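Colleague: Pasting a structure below so you can have a look.
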Amino acid sequence: MNKVITDGIILMPPPFASGLSAWSRTDGTVGSPTYQGAADAALVAADQDFGDCLELQKTTATMPLRSMANTPILPGCYLRVTARVKAMSGNLPSVRIAAWAGLNAATHLAGVVEAGPALALTAYGKVETVSAIVGIGFRQGVDMSWGRAATLGHFGIDLTGAMGGVVRVDDIVIEDITSAFLRNMMDWVDVRDYGALGDGVADDAAAVEAADSDAATSGRTVYFSKGVYFLNADVQLDAPARFEGTVTMPANKRLALTRNFNLPQYAAAFGSEEVGFKKAFQALLNFTDHESLDLGGRRIEVTAPIDMQAAVNNKTTFTSRRVIRNGQFNVVSGPAWDTTVTTSQASYATANPNTLTSVVNVANIAVGSLVQGTGVGREVYVTAKNVGAGTLTLSQPLYGAPGTQVYTFTRFKYLLDFSSFAQLDKMQFDDVEFQCNGVASGILLAPAGITFQIRDSFISQPRDRGITSIGTGCQGMLIDRCQFLSNEGALRAQDRVSIAFNANANDLKVRENRATQFRHFAVLGGNGHLIMGNHWFQGDTQTLGVRMPGIILCGTNVRSTIAGNYIDNSFLEWTNEYDASPAFANQFSFGGLTLTANSFMASDVANWFKWIVIKPYGAGHFIQGLTVSGNVFRVINSTVDRVEGVDTSFAVLDNGRMRNVLFQGNIFNGITQNTENPTCLQVDQATPATGWTVLPGAILPFCGWARNVEGVVAEGMITGSLGERRSDMPYVDVEQGAAKNEVRINWLAASKGRIQVRVRMDNPL
């Protein structure tokens, strides 16, 4: 690079022969005194060594000679100033290259070096050469580094040392020697050449931006040579960047690497994958040119929970789609991951179902804490707190909390914690592994947001939770083709505490995932869920062991479909534990659920185990819409009495109000009692009788009553006591017997024969 050639810039000062009015005896600025007509200066023609030259007699302690020409100082450009001198008589002085540094033509740049090394003249008539290099950059070999503020200089020499000597000076030469520092055909620019110091203290932001501007214009790369570059401003690099040195920035300042936006670049920039990820995520939410952050297949060693909102710093809401993909987070154990447990007294009223009031020491309770206490359902979290009012907002109502009690608040520590966002929409993770190592939980969602998505990813060995929703940040959540791998496989099923994920809001799509040996696969509030093609396994090595719920549906009218899943050594539990008034009044009761084409399997379980359990938390509830069809139920190494049942720990179901229950077309292997509704029963009456008893009994699901008969069809002739044909139409009495699970067929006269009876435990509509 040579600015004289490429840009036509004039660097050389005028020759002395053109007149001494162009040469100042002070600093070279406009109006400064010149050597024109001075008694101690004269032009000499035809010197044997120099040709035309200037002769000076040293009359002051430091005698300056400065060109009055404005020599430009350019970023990335280095100048060498050279003077040839020889002593003619008198005392031998010293000579050095010297200059005046300018912010502009009228303003001096103070605080910079303005003189090169001095050379002592040693003999008369001996030609000596003195030179110095000047430029913006702070590089080894540069004698006068002026920084980015400099724009011009007045160059010349100083005579120092002994007085009275006479010297002659050849025309001063200024040349571009940038090529001595940089390759002529380089494809990068070094930020040091634009004034960056790289000392970790001085603000190098302006120098970096200047280097980027030149690099972007010329199609080159910005190069951060060895050093630590402190950037105290938001910096956007529009050219590619390469890092030998590293960058440091305040938390609220952003670095946008627009041409190579990926984790490897940010890790190189900040010298750490962990810090680099935070700064890359900050840029991802602050720069519209990229919708995704590629982790580049890198493994990020994470030493403490990452507060994702604190990493962004300037946003509490974000609603545009963003993706993080292709890498691994690996938790490094340490005290930062320790669970925080707080106990505090608080009051609760069903009139304000999602709020705890009069909370003692509310400031000590962290948002995102799991709430436990009498009458608190599973997976209820603190969504927000108001310290001034002494209140906590809960993710779900409490089904049976007393007016005042002491609650336990447990704050798990998550690898990625989004809880400080007020709302976060359309955040997606793709092909990422969260390696929690039994030390940390996985992902904590924001309190509000829609369509969080994770796909083709692993959440491995979470200590407590895989994905946690503390509010409605799970609305429309998509979980596709992921692996949830427990850290508790060696424990008995009932001793495990970890949960793969939970949700409070509606419209989840959970598809083609695999989960192993958690306490629960999913705890779901809300409705409108689609759970398809998953396999969750919760078995252990115990003989006749206890099994835990795989999916817990915590609301009544769920409008959900669970289809095509492999439900392995666990069961579905359907409750209304998220209801502050759990007894049935005027709300919907249990309904809107379709279970179809699932494979239910269990091994080494007790005979009382059931795969489908309804658990009402208040009296008066019933089923008002349930389809269980096309499923396969199988037991190995044991037998099971039946596949479905009611947990009456709190209340029973009202069998007199059951309606719209379809339990048909299922396959049973190793089940003592098959279940069906409606069910078709064959009744054989060998002796004539006016009343025949139909015993559907235990075949009706959920201990249901025989409430309806859809049809009675004679198979063959119905005859009387003498063998005569009977042709009267019988009528039926339903809900017969002590358990109301029998039907009586009534004939006009004593009759015998075979009939087919279709019985229901519900009203069809």
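Derivation of every value follows stated rules applied to the coordinates shown; laboratory data play no part. These numbers were taken from a predicted model, which means no experiment stands behind them. Note that each Cβ is placed from the backbone with ideal geometry, even for glycine, and that neighbours are counted across all protein chains shown.
Colleague: Which value, in debye to the nearest 20, gives the size of the charge dipole of the range 3-179 about its Cα centre, when Lys and Arg are +1 and Asp and Glu are -1 at the Cβ?
Modeller: My answer is approximately 300 debye.
Colleague: Using Cα-only point scatterers and the Debye equation, what is log10 of I(q)/I(0) for the range 104-154 at each q in 0.15, 0.25 Å⁻¹, rounded to two decimals?
Modeller: Debye intensities relative to I(0), on a log10 scale: -0.52, -0.97.
Colleague: Another one. Please report Rg (one decimal) and Dmax (integer) in Å for the Cα set of the range 578-660.
Modeller: Computed over the Cα atoms of the range 578-660, radius of gyration and Dmax are 14.5, 45 Å.
Colleague: Given N residues in the range 375-476, what is Rg(Cα) / (2.2 N^0.38 Å)?
Modeller: Output field value: 1.17.
Colleague: On to the next question. Mind pulling the per residue volume of the convex hull built on the Cα atoms of the range 340-411? Å³ is fine.
Modeller: Once divided by residue count, the hull of the range 340-411 is 67 Å³.
Colleague: For the range 3-179, what's the relative contact order in percent, using C-alpha pairs closer than 8 Å and at least 6 residues apart?
Modeller: 32 percent.
Colleague: Another one. So, counting K/R as plus one and D/E as minus one, what does the shell of residues with Cβ under 15 Å around Thr543 add up to?
Modeller: 0
Colleague: For the range 716-760, how big is Rg over Rh, using alpha carbon atoms and the Kirkwood form of Rh?
Modeller: 1.03
Colleague: Moving on to the next point. Give the longest segment of the chain that steers clear of GluC sites (Glu not before Pro) in DSSP loops with at most 13 neighbouring Cβ atoms within 10 Å, not counting the sites themselves.
Modeller: Free of exposed loop sites, the longest segment is 292-714.
Colleague: Next up: Mind running the shape call on the chain? Use the C-alpha gyration tensor, a ≥ b ≥ c as the square roots of the eigenvalues: rounded below 1.5 for a/c, prolate if a/b tops b/c, oblate otherwise.
Modeller: prolate
Colleague: Evaluate the charge dipole of the range 520-669 about its Cα centre and quote only its size in Debye, nearest 20, assuming +1 on the Cβ of each Lys and Arg and -1 on the Cβ of each Asp and Glu.
Modeller: 320 debye
Colleague: Further question on the same structure: How big is the Rg/Rh ratio for the range 606-697, C-alpha atoms only, Rh by Kirkwood, two decimals?
Modeller: Using Cα coordinates only, the ratio equals 1.03.
Colleague: A further question on this structure: Using just the alpha carbons, could you tell me how many Å³ per residue the convex hull of the range 3-179 encloses?
Modeller: Enclosed volume per residue, from the Cα hull, is 116 Å³.
Colleague: Along the charge dipole of the range 73-217, which of Asn91, Gly153, Phe138 sits closest to the positive end, that is, farthest toward it, with unit charges on the beta carbon of Lys, Arg, Asp and Glu (+1, +1, -1, -1)?
Modeller: Result: Asn91.
Colleague: Amide H of Gln453: which non-local residues (sequence gap of 5 or more, or other chain) have their own amide H closer than 5 Å, using H built in the peptide plane?
Modeller: Amide H neighbours of Gln453, under 5 Å, 5+ apart: Met427, Gln428, Phe429, Leu478.
Colleague: Would you kindly work out the equivalent ellipsoid of the range 522-643 from its C-alpha gyration tensor and give its semi-axes, the square roots of five times the eigenvalues, largest first in whole Å?
Modeller: Sorted largest first and rounded, they come to 26, 16, 12 Å.
Colleague: Let me ask something additional. Report, to two decimal places, the Cα Rg of the range 610-765 normalised by 2.2 N^0.38 Å (N = number of residues).
Modeller: The value comes to 1.17.
Colleague: Right, here's the next one. List Lys315, Lys413 from most exposed to least, where exposure is judged by having the fewest other Cβ atoms within 10 Å.
Modeller: Fewest-to-most Cβ neighbours within 10 Å comes out as Lys315, Lys413.
Colleague: Over 19 Å apart: what share of the alpha carbon pairs of the range 679-760 falls there, rounded to a whole percent?
Modeller: I get 32 percent for the Cα pairs in the range 679-760 exceeding 19 Å.
Colleague: Order by neighbour count: Lys615, Lys740, fewest other Cβ atoms within 10 Å first, most last.
Modeller: Placing the least packed residue first, the sequence is Lys740, Lys615.
Colleague: Hey, another quick one. Rounded to the nearest 20 Debye, what is the dipole magnitude of the chain about its Cα centre when Lys and Arg each give +1 and Asp and Glu each give -1 at the C-beta?
Modeller: I would put it at about 1660 debye.
Colleague: Once phi is turned into θ = phi - 60°, what whole-Hz ³J(HN,Hα) does the Karplus curve with 6.51, -1.76 and 1.60 give for every residue of the range 748-755, x standing for Gly and Pro?
Modeller: Working through the residues one at a time gives 5, 9, 4, 9, 9, x, 10, 10 Hz.
Colleague: Determine the shape class of the range 423-479: with a ≥ b ≥ c the square roots of the Cα gyration tensor eigenvalues, call it rounded for a/c under 1.5, and otherwise prolate if a/b is greater than b/c, oblate otherwise.
Modeller: Judged from the Cα gyration tensor, the range 423-479 comes out oblate (a/c at least 1.5, b/c at or above a/b).
Colleague: Can you classify the range 535-602 as rounded, prolate or oblate using the Cα gyration tensor, where a ≥ b ≥ c are the square roots of its eigenvalues, rounded means a/c under 1.5, and otherwise it's prolate if a/b beats b/c and oblate if not?
Modeller: Verdict is oblate for the range 535-602.
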